[in-house]
């Protein structure tokens, strides 16, 4: 049985302007000890998918339909008491910006200990020892001294390490990392990713890595989901996505990556702009930006179909007959 099973998930935000369909029919499973990458540009529904799993949507957000099962237990519609036992304890999340995720008025030690005391049966002494242990695990130097410091006294990379320590303090089964390296420079990013790989091997947990950086996916992920306009346009192994892409959007993402082979080669960006989620088109949502769009792409959206073992794509280009 899969550790996490998401089936036909639909999440919308109900605004004065209308219903924003942020997630449209997303389905995937996550096995133990695996790293799943969710890739896509801003607004593709990556983070909303994660927040739906954690059930931490904004007040205007709602899971309209679908199923989210963790260890066979249905989370959609589960009481808040059930979710409080799962959040932080069984499923943890690292948010995009560590500076806004940490409270500037409390010390790092207070915030780490609060999470441990809330989700475990440890007393204050045990929580302190665990917090120091976690800071040492994520390679924060002089952890006892750092426990007394405030977030502003830490660099961006160090704050991100604190967020990772906080997320791992209760030994979760699943770690959701929502673009954990976005605000970091390349060298710090490499260190954070290496750290996450090491911890994943040591702790044996599953990771959902949400990112727009395909380099991060190549380095860390076993399986990859490519999202566009709230839906999955392609999913498969990292090898399938990078070497045998079958959706035009995936091909566009790969084409826009700079290469070291030819430094004079111009980048090839994807033309156009993302669609308006308030007014979803009848056909393929990527059709207005696709160089190879056909008439059928405008009229009707393709279904997610198997193109090889474990590899699926939602594109008419893979149909033998139209």
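Please treat every number below as a calculation from the coordinates, not as lab data. Keep in mind the model is a prediction, meaning the values are calculated, not measured. With ideal geometry, Cβ positions are generated from the backbone for all residues, glycine too; neighbour counts draw on all protein chains shown.
Numbers at a glance
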read-out	value
Sorted by Cβ density within 10 Å, fewest first, the residues 298, 207, 241	298, 207, 241
Between the stretch 188-232 and the stretch 75-153, the alpha-carbon center distance in angstrom	21 Å
Share antiparallel - DSSP beta bridges, the chain, percent rounded to 5	60 percent
Where labels lie 7 Å past Cα in the beta-carbon direction, separation of residue 17 and residue 305 in nm	3.5 nm
Neighbour-count order for 119, 212, fewest beta carbons within 10 angstrom listed first	212, 119
C-alpha long axis of helix 156-168 to longest principal axis of the chain, angle in °	80 degrees
Top of 107, 187, 120 by mean-square fluctuation, Gaussian network on the chain, Cα under 10 Å	187
Within a Gaussian network of the chain (alpha carbon springs, distance under 10 Å), most fluctuating of 215, 252, 37	215
Kirkwood hydrodynamic radius over Cα pairs of the stretch 98-171, then Stokes diffusion coefficient at 10 °C and 1.306 mPa s, in µm²/s	134 µm²/s
GNM result for the chain, Cα springs below 10 Å: residue of 101, 308, 27 fluctuating most strongly	308
Cα-based helix-to-principal-axis angle, 186-203 vs the chain, degrees rounded to 10	80 degrees
Cβ-based exposure ranking for 19, 142, 248, in which fewest neighbours within 10 Å come first	142, 19, 248
Helix axis angle, 108-119 relative to the chain longest principal axis, alpha carbon, degrees	80 degrees
